[in-house]
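> Okay, handing you the structure first.
What follows draws every value from the coordinates through simple rules; no lab data is involved. None of the values given here were measured: they were computed from a predicted structure. When we count neighbours, we look across all protein chains shown, and the Cβ atoms used for this are built from the backbone with ideal geometry, even at glycine.
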Amino acid sequence: MRQFDFMGKRRLAFFVSGALILISVAALLFQQLNLGLDFTGGTLVEVRYAAPVALDTIRQLLESAGYQNVSVQTFGATTDVLVRLQQAFDPAVGEQVIQALRQGGESVDLIRAEFVGSQVGDQLRDQSGLGMLVAMAGVALYVAIRFQYKFAIGALVALVHDVIIVLGVFSIFQLDFDLTALAAVLAVIGYSLNDTIIIFDRIRENIRKSRSEDMPMIFNEAINQTLARTLATSGTTLLVLLALLLLGGDTIHNFALALIIGVGIGTFSSIYVASALLLVIGFRREDMIPAPKENAEEDELP
Amino acid sequence: MLNRYPLWKYLLILCVLVAGLIYALPNLYPEDPAIQVSSSGGATLEESQVERLRDALSEADIAVKRVESDDNSALFRLKSDDDQLEARDIVAEMLDDDYTVALNLAESTPAWLESLGAAPMNLGLDLRGGVHFALQVDMQAALTQRLEVNASAIRQLLRSENIRYRDTQVEGNSLTLAFANAEDRSEARELIGNQFPDFQYENRDGGQTAVLAMSLTQQQIDEIQDYAISQNITTLRNRVNELGVAEALVQRQGPDRIVVELPGVQDTAAAKRVVGATANLEFRLAARPDTPDSETETIAFRNDESRTAEVMRDVIITGDSVSSASTSFDENGRPQVNINLDGTGGTLMNNATRSNIGRGMAVIYIDNKTRTRMVMEDGKRVEKRIPYVERGIISLATIQSALSNRFRITGLDSPTEADELALLLRSGSLAAPIYFVAERTIGPSLGQANIEQGVLSVQIGMLLVVLFMLVRYRAFGVVANLALMTNLILLVAAMSMLGATLTMPGIAGIVLTLGMAVDANVLIFERIREEIRAKLPIQQAIHAGYERAFTSILDGNLTTLLVAVILFSIGTGPVKGFAVTLSLGILTSLFTGIMVSRAMVNLSIGGKPLKKLWI
């Protein structure tokens, strides 16, 4: 099988990673995230039709009138409809919505138009942030115990790297960041971590098997050995995500997009951030297997 | 022998699969629109009452599919969604305040499945809708409560400075204090003015007395109201979480309303009772014989209205100071609520009880209720709301020793009441009373077209994974795909058993978990290929492939599981829901990816002399 020299290109990869992080952080600082209806709240409009109307017709009317992120629901009776818009409330919104709906030719009345607060409180935002930090600390601790603390640093930096870049993409393109997108970011953490650990596991196995001190060589070998697996798993996951992105409609569009970026970046970072970083912080064979102990072990082996 | 499982392993896998199938099955049965009636207090629901309600419904041409009832609740299953609102109104009008009438979507799981404890997953607000409650926050009451607290503090201040006062009254947005003469008043005005600088002060003539009126400024009123709304939203979110309803929606609507939307909760009547509950506790000292009347109040006992007691008007602490609460039973088997106070509450309680050993202390249960009556006005039926406060002493005990921040209260009617009181104390109290102004069923927030698109994309995604595995691993791809199907069944079963709520992002999350779940098999199969390339005999290659891939799979999944568990324990609402799906997905995929796929390989080709492996 062909062997790729992954570690030889690490300087280029660091440069790419650094540039992506820089752009993402700048975007997050200067134009923030475009938070969705779940986070910002907006306007709620209740209307009553004279006769039942298909909700999809209402959606189309509102979208052609330029309203984005509209949620349309029946409200009790089939003639009563509740519309939520991601638009700051002002007293005229109700009338504007009614005007837009009357374009459909049906008789419709405004019952009420009011602002609605965000669906997620500050509590959720703070706790999610805290949760992510604790989760990362937990992962670092686990990896430090199961592997070695330098691996923990690699895994941690790779996670932060992935999360920042995914958020960065949302910020740069001002994509709607709602609860679904938040779920996607959490999923990226899980995915990228899994990928990193699989490669770490092979690196550990190879260090134990070989007596070589040439870490870049061992790393390359491990990455090449797991390459078929990496491609197969990323491949299946991307297949699912592409189906969701292309066919799934508005609701899961951003979820799928965040994950496609995340899976791509996560695969890249497993190789070039998590693993390559170990070389930068001076990972050596002795970190994994203390020199004197190693001889004793060898003696016991048959 | 290599690649053979002992019989018990096959049996174990078979048992798990059968259990998975049974618990996943209820998801295939649709739900009925229903009206749920339940008694809130000690009242029972008689068979004859249920019959009467049923007759009234059929008189109104509402087709009732089935009625299920027991001693204190009844469920009327209807044939059509359109009748639900009308049926609710009919039933509600025939029953008095002791009963809660709520809209419901009742599952129709067959009895044999139900007897095994199987129930379908709830579908979220986006996929199926649910119940929508609009709650009005009583802003005037928020102001009155704030003024009462200030009045209590001012009375203490005046007493400690030995300024005599006659009376304190809260009226509208102001608080009036009556003094015997103008000298006392000016002294008090200076003292209070320093401590409460945000009020507008005004001297009034009260005939016999000199009156000082202090009014809230507009800015203060706005602040108090904003605080009341946001505090109430937080409390309602906590309550909904305590009810175990995932993926609910709680948001502010307009200046003084809160919307609560719950996806198909099973017991809407209980949900309504807990969401709308306004109960709180007050701890007050009993009056001494020599306490002046202006400082005391007569309150009746809750379970015996003829018995009353004189208690102080000043409140030591309220339920707001409770940091945690749980229920248990006392020595006589009666329900009790165990209470832990927060730091400030504990200090206040300790100070008050330390100097009053031997005196009585009353625990008062307060409920801000609203009566809703339909009245005819100008030939139209209009809802009228009359707010009223129910106050009753639930226990009056002698203080034996100084109380700290932990104690228990007894005197509650039933374990259910104790449970609900503990829940309310835990989730924090409401800063202002609330009452229901609207209750409707709400349709799914996603359009039918959107849902269909989503489901289609999910199916195609699954199909692509299946094809990919077949093409890449051929015979072993079949094994992986069968493992994937069992994984899906087990995941659905586990989520149903936990009562998880399924939303569109949740479905996408499940599919993603499945996409990632094939990872275990990919790792194993790639390893087997590697071992075959290394010229290992076929059976040994299979064995080594499973063995060596195992640590990788375990490490990878355990770290991800760790993340999920932490997110679950710290996160709230949607984050929690996601963590549940993720952790269940990891557990089921570990089982199917390793055990089930191995069992299939062992059963079909294990131990057989093979020349070539279709991998």
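> FRET efficiency for B:ARG391 and B:SER48, Cβ-Cβ distance as r, R0 = 51 Å, nearest 0.05?
Here the calculated transfer efficiency is 0.90.
> So, in Å, what gap is there between the alpha-carbon centers of the range A:216-241 and the range B:374-413?
With the range A:216-241 and the range B:374-413 each reduced to a Cα centre, they are spaced 64 Å.
> Going from the alpha-carbon gyration tensor of the range B:475-614, what semi-axes, largest first and in whole Å, does one get by taking the root of 5 times each eigenvalue?
With the √(5λ) rule applied to the range B:475-614, the semi-axes are 33, 15, 10 Å.
> Using a 10 Å cut-off around each Cβ, can you sort B:TYR201, B:TYR5 from fewest to most neighbouring Cβ atoms?
Placing the least packed residue first, the sequence is B:TYR201, B:TYR5.
> When the Cα centres of the range B:519-545 and the range B:294-367 are compared, how far apart do they sit, in Å?
If we compute the Cα centre of each part, the gap is 70 Å.
> What nm distance separates the two modelled labels at A:VAL280 and B:ARG166, each placed 7 Å from Cα along Cα→Cβ?
Once both label points are built, they end up 8.0 nm from each other.
> Can you give me the convex hull volume of the Cα atoms of the range B:281-414, divided per residue and expressed in Å³? List each step's numbers first, then the result.
Details: hull volume 21.4 nm³, N = 134.
So the per-residue Cα hull volume is 160 Å³.
> Let me know the Rg and Dmax you get for chain A when you use only its Cα atoms, in Å.
Gyration radius and largest Cα-Cα distance of chain A: 25.8, 90 Å.
> Also: Calculated from DSSP H runs of 4 or more alone, at -39500 (n - 2.57) each and per residue, what is the 222 nm mean residue ellipticity of chain B, nearest 500?
Calculated mean residue ellipticity at 222 nm is -15500 deg cm²/dmol.
> What lysines sit close enough to B:LYS384 to cross-link, taking a C-alpha to C-alpha distance under 16 Å and skipping anything fewer than 8 places away on the same chain?
B:LYS369
> Using 0.36 nm times the number of residues separating A:GLN103 and A:ALA50, minus their current alpha carbon distance, what extension gain do you get?
Once the chain is fully extended between A:GLN103 and A:ALA50, it gains 17.6 nm.
> In addition: In square nanometres, what is the average projected area of the Cα convex hull of the range B:140-220?
Averaging across all directions leaves 4.8 nm² for the Cα convex hull.
> How much net charge surrounds B:THR327 when only other residues with a Cβ under 10 Å from its Cβ are counted (Lys, Arg +1; Asp, Glu -1)?
Combined, the nearby Lys, Arg, Asp and Glu give -2.
> Based only on Cα atoms, what Rg/Rh ratio does the range B:31-108 have, Rh being taken as Kirkwood's radius?
Details: Rg = 11.3 Å, Rh = 12.2 Å.
The Rg/Rh ratio comes out at 0.92.
> Still on this structure, please answer the following. Considering only DSSP beta bridges whose two residues both sit in chain B, what percent are antiparallel, to the nearest 5?
Rounded to the nearest five, the antiparallel share is 95 percent.
> Counting Lys and Arg as +1 and Asp and Glu as -1, what is the net charge of the other residues whose Cβ lies under 12 Å from the Cβ of B:ASN340?
Values: positive: B:ARG406, B:ARG408, B:ARG426; negative: B:ASP342.
It works out to a net charge of +2.
> What ranking do B:214-222, A:158-166 get when scored by the average of other Cβ atoms within 10 Å per residue, highest first?
Per-residue mean Cβ counts within 10 Å order the peptides as A:158-166, B:214-222.
> Using a 10 Å cut-off around each Cβ of peptide B:523-530, what is the average number of partner chain Cβ atoms that fall inside?
Per residue, the average neighbour count from other chains is 4.
> In nm, to one decimal, how far is the B:ASP320 label point from the B:GLU190 one, both placed 7 Å along Cα→Cβ?
Rounded to a tenth, the inter-label distance reads 3.1 nm.
> In degrees between 0 and 90, to the nearest 10, how far off the longest principal axis of chain A does helix A:215-247 point, with axes built from Cα atoms?
20
> Shielding of A:193-199 by partners, i.e. mean partner chain Cβ atoms within 10 Å per residue?
Averaged over the peptide's residues, the number is 6.
> Separation between the A:VAL25 and B:VAL471 pseudo-spin-labels, each 7 Å from Cα along Cα→Cβ, expressed in nm?
4.2
> Moving on to the next point. Quick one: A:VAL81, B:VAL565, A:VAL93, fewest Cβ neighbours within 10 Å first, how do they rank?
B:VAL565, A:VAL93, A:VAL81
> Further question: Please average, across the residues of A:35-46, the number of beta carbons from any other chain that are within 10 Å of each residue's own beta carbon, and give a whole number.
Working: counts 0, 0, 0, 3, 0, 0, 3, 1, 0, 5, 0, 2.
Counting Cβ atoms of other protein chains within 10 Å of each residue's Cβ and averaging gives 1.
> Per residue and in cubic angstrom, what volume does the convex hull of the Cα atoms of the range B:461-514 have?
Cα-based convex hull of the range B:461-514, divided per residue, equals 60 Å³.
> Which distance in Å, rounded to a whole number, links the C-alpha centroids of the range A:28-107 and the range A:171-196?
Comparing the Cα centres of the range A:28-107 and the range A:171-196, I get a distance of 27 Å.
> Also, I was wondering about something else. Connecting C-alpha atoms closer than 10 Å in a GNM of chain A, tell me which of A:GLN87, A:GLN32, A:GLN103 has the biggest fluctuation.
Maximum fluctuation in the GNM of chain A, among the listed residues, is at A:GLN103.
> Can you give the Rg and Dmax of chain B based on its C-alpha atoms, in angstrom?
Final numbers for Rg and Dmax: 31.9, 113 Å.
> Per residue of chain A, what 222 nm ellipticity follows from adding -39500 (n - 2.57) for every DSSP H run with n ≥ 4, rounded to the nearest 500?
The per-residue figure over chain A is -22000 deg cm²/dmol.
> Here is a follow-up. For B:GLN540 and A:LEU133, what does the FRET efficiency come to when R0 = 35 Å and r is the distance between their Cβ atoms, rounded to the nearest 0.05?
E(calc), rounded to 0.05, equals 0.15.
> How would you rank B:VAL311, A:VAL25, going from fewest to most other Cβ atoms within 10 Å of each one's own Cβ?
Starting with the residue having the fewest Cβ neighbours, the order is A:VAL25, B:VAL311.
> If you don't mind, another one. With just the Cα atoms of the protein assembly as shown, tell me how far they stretch along each of the three principal axes, in Å, largest first.
Principal extents (largest minus smallest coordinate, Cα): 109, 71, 60 Å.
> Another question, then. Find out how many positive minus negative residues lie around B:GLU531, taking Lys and Arg as positive, Asp and Glu as negative, among other residues whose Cβ is under 11 Å from that of B:GLU531. Mind dumping the intermediate values first?
Working: positive: B:ARG527, B:ARG529, B:ARG533, B:LYS535, B:ARG548; negative: B:GLU526, B:GLU530, B:GLU547.
Spelling it out: positives minus negatives among the neighbours equals +2.
> I want to verify the translational diffusion coefficient of the range B:353-401 in µm²/s; compute it with Stokes-Einstein, Rh as the Kirkwood radius over Cα pairs, at 25 °C and 0.890 mPa s.
Using the Kirkwood radius from Cα pairs, D works out to 174 µm²/s.
> When you count, for each residue, the other Cβ atoms within 10 Å and take the mean per peptide, how do B:97-106, B:532-541, B:71-80 rank with the highest first?
In descending order of packing, they fall as B:97-106, B:71-80, B:532-541.
> Set the Förster radius R0 to 25 Å, insert the Cβ-Cβ distance between B:LEU498 and B:VAL455 as r into 1/(1 + (r/R0)^6), and round the FRET efficiency to 0.05.
Efficiency, from the Cβ-Cβ distance: 0.65.
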